[in-house]
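Following: one structure in structure tokens, then a few remarks.
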Amino acid sequence: MSSAAGIAPYNEDQAESARMIRESAAGHASDIARIRALRFTTHGFAADAYREMAELGWIGLAVPEAAGGSGLGMIELVTLAEELGRGLVPEPIIPATLSALLLAEAGETELLGQLLAGEAVVLTAWQDRAGTLTPSLDAGATRRFIPMAAGATHFLVPTTAGLGVLPAAEADLVTEPTNDGGNLGTLRPGAYRSVGQANPGPALDKAALATAAYLLGGMEAAFAMTLAYLNTRQQFGKIIGTFQALQHKAVDVKVQIALTRASVEAAAAGIDNGATGDAASALVSRAKARASEASMTVGQMCVQLSGGIGYTDDYDVGLYLRKAMTLAPLFGGAALHRARFMKLSPETEDA
Amino acid sequence: MSVIAGVEPEDLNALDDESFRLVVRRWIEANYPPELRNPPKRLHWEENNPWYFKLAEKGWLCPGWPREYGGLGLGPIKQIIFTEELERWGCARSNDHGIIMLGPLLIRYGSEEQKKHYLPKILSGEHVWCQGYSEPNSGSDLASLRTSAVLDGDEYVVNGQKIWTTLASDANWIFLLVRTDPTAKKQEGISFLLVDMNTPGITVRPIINLEMHDEFCEVFFDNVRVPKANLVGQLNKGWDMAKALLSFERIYLGSPRQSAYALTRLKQLAEKMGVFDDPSFAGTYAKLRTDFEDLKSLYGRYVEVLKRGQSLGADVSQLKIVQSELFQRITETMMAISAENAGLMEPMEGNRNLNPAGLYIQARPTTIYGGTSEIQRNIIAKNVLGLPG
Ligand SMILES: Cc1cc2nc3c(=O)[nH]c(=O)nc-3n(C[C@H](O)[C@H](O)[C@H](O)COP(=O)(O)OP(=O)(O)OC[C@H]3O[C@@H](n4cnc5c(N)ncnc54)[C@H](O)[C@@H]3O)c2cc1C
């Protein structure tokens, strides 16, 4: 392929495993009637679908083999996440991946085994307020904005005393509905059982990057629908896609998607090629900032290009906008990640 | 009537602007139903009519209508102040198609009998109107509409379908654009018809919008018989009237109302989120504030034109562009500063003043309804700038 869009910044082996993940995921993640039926239900996702996804190895994709995962890289994880986003999959695969990475690092095996098998829904409750990238380690702090918390079986709470586990049955939890039909939880402090030590930072970065990829998949799906509409809808006796004002808007959307893909895949390849610490975080911040902002712009533009039908709940483009409204700020929104990027990635002399 | 404020309508225009503002503010605060403040979604008629009747009783329902027809005949600045005070207090928008669209149209084009019959019924709330223009295949290209009206004796027989009809499920009357001459050039075969929604053959089906709210509807017409006397203006001249009405709609949609409301909520949200000290927010806020003041100045000029009895030119489209896009930017800023709270479906902490996601969604269709931003730009390019095409 000669277009730059087709040149991925990663090697042949990874390209092959990414291709297989894409195919398998696309086959399992494209039932829009299922997605619609689950919106605004008690849990917001289906336990049996979650288990099936775990059985396909999705939760353990990036978990080391020694800990029972597949030991694949970030390229594979972002490929999976992109397909989940394309299909608007509500099952909390990315939050579960975050928990699996932390449990593996802590050397915990029992709950991790259940999590990788899809028998447990373990969600990490890391933040104590809105608009932060720094995990709270205060065992006495209320934890907020836990995605899909209503369906959790366990919470994982990083504290100074180690990684704490709290079964959902013992949790003092309040959930609130989100724009996409899911929920966010607020967890009051409980009696945590410590299962070892883990540093949440790197795993949170991976969750942020996977969320960026999820948003990327959503943008592509919404844009594909919109392009099809531009190619069929007629007004003034013409296909509306012939109007140059709309052509230019469509191109602007395409450019945002291209930038998001370039940024997300550069970050994934960078980490797979050994970037760690601040270097990895800077890559992730750039990608998540781009994806958070672009997903909102693209969602809005797709509604606009569709006209009245774009403002109906029946039309799927709106589902992507409502998903972006919910996910863009999770694991850090655009402004937060840009600020972190500037802190971590000082400008070079010749820049 | 004006017991609380102690000011008669004729005196309102004589007040200086700040006294006028206080009179309006005091009356709103004393009379607005507290449970209806800052509704997270647009209210249905059965929810908002107590306020409609309060305004009607006070004689303040139609601030822009001339006094002789039951309006307040307010000057431009006072109309803006009136609007600002409603928005400041978070007053619900009522079912106002009769007030802002049909009323002005009838005042200009209606027969004496029509004015006498319909205007008082808008003022009393007996008639609740909706606007039946758009059709599934005629949105931006409205003049291609196909819903037909064929004369049969003393009645028109209407067949076809309208869509996106806001609050049609609440309305008991609809004003329609219908095709009365299928052979003429498309703009020249359209007429303007008033239809009682209780006439047999009309079916209303609500559509759930992106807000998850049943606000707009499809309306189907199956051999609906409408008295000939319900035609407004001349036969086949409906398009010209509708175009004139569109400029009333554009000045309403271009009024600083929505941006004023959103800016007040942004301020409350910014205080809640503690971002006023953040220099990047301060810069964004300053831009939105000055954009808003400029919008008000621009709006004032258009109101002044109307006040002098002149008609608005095609350039009023720019007012609608500026207002709708500013409203959107304000709500985008609300989303950005709310961080994770932006994901929540309901207002934060149950406080309706803090509703970033709800307002963000409500701002989306403002660049679609009343003529999309693309269409408004086309109009200006062609009719104001004189560019070819
Ligand atoms: C919330 C809401 C409330 C509404 N309420 C009412 C109501 O009460 N009564 C009523 O009659 N209607 C109502 N409408 C309908 C509204 O007026 C139409 O949606 C609008 O005119 C656009 O028409 P459309 O939806 O068919 O989109 P289309 O005309 O199909 O437009 C699709 C896209 O193509 C673009 N486009 C079309 N033509 C051109 C062109 N020549 N050049 C460049 N771009 C172009 C549009 O800008 C848009 O981006 C409402 C709509 C909404 C969203």
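The values are calculated or read from the model by the stated rules, or taken from the named source; none is laboratory data. In this text the structure is predicted, and so the values were computed from the model without any measurement. As a convention, Cβ positions derive from the backbone with ideal geometry for all residues, glycine included, and neighbour counts pool all protein chains shown. Surface accessibility is based on the protein's heavy atoms, side chains included, excluding ligands, DNA and RNA. Shrake-Rupley method; radii C 1.70, N 1.55, O 1.52, S 1.80 Å.
Centroid-to-centroid, using Cα positions, segment B:138-216 and segment B:226-250 are 13 Å apart.
In percent, rounded to a whole number, the relative contact order of chain A is 17, using alpha-carbon pairs under 8 Å and six or more apart. Projection of the Cα convex hull of segment B:129-238, averaged over all directions and equal to a quarter of that hull's surface, yields 6.6 nm². If R0 is taken as 25 Å, the Cβ-Cβ distance between A:GLU170 and A:ILE32 corresponds to a FRET efficiency of 0.10.
Summing Cβ point charges (Lys, Arg +1; Asp, Glu -1) relative to the Cα centre of segment A:201-344 gives a dipole of roughly 280 debye. Full extension of the chain segment joining B:LYS243 with B:GLU188 gains 18.6 nm, where the gain is 0.36 nm per residue of separation less the Cα-Cα distance. The percentage of C-alpha pairs in segment B:9-94 whose separation is greater than 16 Å is 52%.
Using a 10 Å cut-off around each Cβ of peptide B:359-371, what is the average number of partner chain Cβ atoms that fall inside?
Per-residue shielding by partner chains comes out at 3.
Using alpha carbons only, how many angstrom separate the centre of segment A:108-126 from the centre of segment B:61-121? Here the answer is 62 Å between Cα centres. Here the sum of -39500 (n - 2.57) over DSSP H runs of 4 or more residues, divided by the residues of the protein assembly as shown, equals -15500 deg cm²/dmol at 222 nm, to the nearest 500. Between B:ASP222 and B:GLU113, the FRET efficiency from the beta-carbon distance, with R0 = 22 Å, is close to 0.15. When the charge dipole of chain A is built from unit charges on Cβ atoms (+1 for Lys and Arg, -1 for Asp and Glu) and taken about the Cα centre, the candidate among A:THR186, A:ALA46, A:SER99 whose Cα reaches farthest toward its positive end is A:THR186. Taken per residue, the accessible surface of segment B:254-384 reaches 39 Å², heavy atoms only and a 1.4 Å probe. The value of relative contact order for chain B, using C-alpha pairs under 8 Å at least six residues apart, is 14 percent. Might you report the magnitude of the Cβ-based charge dipole of chain A about its Cα centre, with Lys and Arg at +1 and Asp and Glu at -1, to the nearest 20 debye? The dipole of chain A has a size of about 1180 debye. When all protein chains stay in place and ligands, DNA and RNA are ignored, the 1.4 Å accessible-area order of A:THR242, A:THR178, largest first, is A:THR242, A:THR178. Of all lysines in the structure, not one has an alpha carbon short of 16 Å from that of B:LYS272, not counting any fewer than 8 places away in one chain. Angle check, please: helix B:257-273 long axis (alpha carbons) against the longest principal axis of chain B (alpha carbons), in degrees 0 to 90, nearest 10. For B:257-273 against chain B, the angle is about 30 degrees. If you take the Cα centroid of segment A:1-74 and the Cα centroid of segment A:160-216, the two points sit 20 Å apart.
Against the longest principal axis of chain B, how steep is helix B:238-253, in degrees 0 to 90 to the nearest 10, with axes from Cα atoms? The two axes meet at around 10 degrees. Note on the protein assembly as shown: with charges restricted to the Cβ of Lys and Arg (+1) and Asp and Glu (-1), its dipole about the Cα centre is near 1980 debye. Once the trypsin sites (Lys or Arg not before Pro) in DSSP loops with at most 10 neighbouring Cβ atoms within 10 Å are cut out of chain B, the longest remaining piece is B:1-184. Residues of segment A:262-311 that bury at least 30 Å² of accessible area once all protein chains are present, compared with their chain alone (1.4 Å probe, heavy atoms only, ligands and nucleic acids left out), are A:MET296, A:GLN300, A:GLN304, A:GLY308, A:TYR311.
Can you pull out the GluC sites (Glu not before Pro) in segment B:52-129 whose DSSP state is coil and whose Cβ has at most 15 other Cβ atoms within 10 Å? Of the GluC sites (Glu not before Pro), the ones in loops of segment B:52-129 whose Cβ has at most 15 other Cβ atoms within 10 Å are B:GLU126. For segment B:191-346, carbon and sulfur atoms together expose 50% of the accessible surface, with a 1.4 angstrom probe and every protein chain in place. The C-alpha atoms of chain B define a longest principal axis, and helix B:76-88 lies at about 70 degrees to it. For B:LYS186, go through the lysines and keep the ones whose alpha-carbon is under 18 Å away, minus same-chain ones fewer than eight residues off. Answer for B:LYS186, where 18 Å is the Cα cut-off: A:LYS238, B:LYS162, B:LYS237, B:LYS243, listed by chain and number. Note: relative contact order over segment B:129-238, using C-alpha pairs below 8 Å and six or more positions apart, is 30 percent.
Which entries in the list B:LYS185/B:LYS307; B:LYS115/B:LYS307; B:LYS54/B:LYS116 go over 31 Å, if you measure between the two C-alpha atoms of each?
Details: B:LYS185/B:LYS307 34 Å; B:LYS115/B:LYS307 20 Å; B:LYS54/B:LYS116 22 Å.
Pairs exceeding 31 Å: B:LYS185/B:LYS307.
Among B:ASP294, A:ASP180, A:ASP314, the sequence by solvent-accessible area, most first, with a 1.4 Å probe is A:ASP314, B:ASP294, A:ASP180. Using a 1.4 Å probe on the protein heavy atoms only, what accessible surface does B:HIS117 show? Give it in Å² to the nearest 10. The accessible area comes out at roughly 80 Å². Shown here is the pair-distance distribution of chain A: with all Cα-Cα distances grouped in 20 Å bins from zero up to the longest one, the shares run 31, 58, 11, 0 percent.
Average accessible surface for segment B:97-222: 38 Å² per residue, computed with a 1.4 Å probe over protein heavy atoms with every protein chain in place.
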